[in-house]
Amino acid sequence: MAKPLEVDDVWSKRIVNSVNGLEYGTVQIVVHDGRIVQIERTERKRFESEAALREQNVVESKSQGSRRKG
């Protein structure tokens, strides 16, 4: 039977720091013999295509124009 995992303040802060600022990605906590031994952070960067950016700019400029009229 596995031992219950105890997480102290140091590991709690490390986990929170790994998650903070992460927009897309994963945080994996590696446990050996009931103890946290490693935290792995994989971050993904997503980039819009040029067509999507142009479309977004058109939508934003239309919505700003309607706000000015109102």
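Output the number of residues of the range 8-18 satisfying the condition of being among the hydrophobic types (A, V, I, L, M, F, W, C) and surrounded by 12 or more Cβ atoms within 10 Å (Cβ to Cβ).
2
Scan the range 30-51 and report the pairs whose first residue is part of a loop (DSSP other than H, G, I, E, B) and whose second residue is aromatic (Phe, Trp, Tyr) and loosely packed, with under 10 Cβ neighbours inside 10 Å, with Cβ atoms within less than 7 Å and a gap of 6+ or a chain change.
As it stands, the answer is 44/24; 46/24, since those pairs meet every condition given.
Across the range 1-29, what is the total count of residues that are of a type outside the set (D, E, K, R) and assigned to a helix (DSSP H, G or I)?
8
Among the residues of the range 19-68, which ones are touching a Ser or Thr at 6+ places or on another chain (Cβ under 9 Å), charged (D, E, K, R) and either open to solvent by less than 80 Å² (accessible area, probe 1.4 Å) or more than 21 Å from residue 5 (Cα to Cα) (or both)?
Listed by number, the residues that qualify are 40, 43, 44.
The values are calculated or read from the model by the stated rules, or taken from the named source; none is laboratory data. Every value quoted in this text rests on a predicted model; they were computed, and no experiment measured them. Cβ atoms come from the backbone with ideal geometry, glycine included; neighbour counts cover every protein chain shown. We work out accessible area using only protein heavy atoms, side chains counted, and drop any ligands, DNA or RNA first. Shrake-Rupley method; radii C 1.70, N 1.55, O 1.52, S 1.80 Å.
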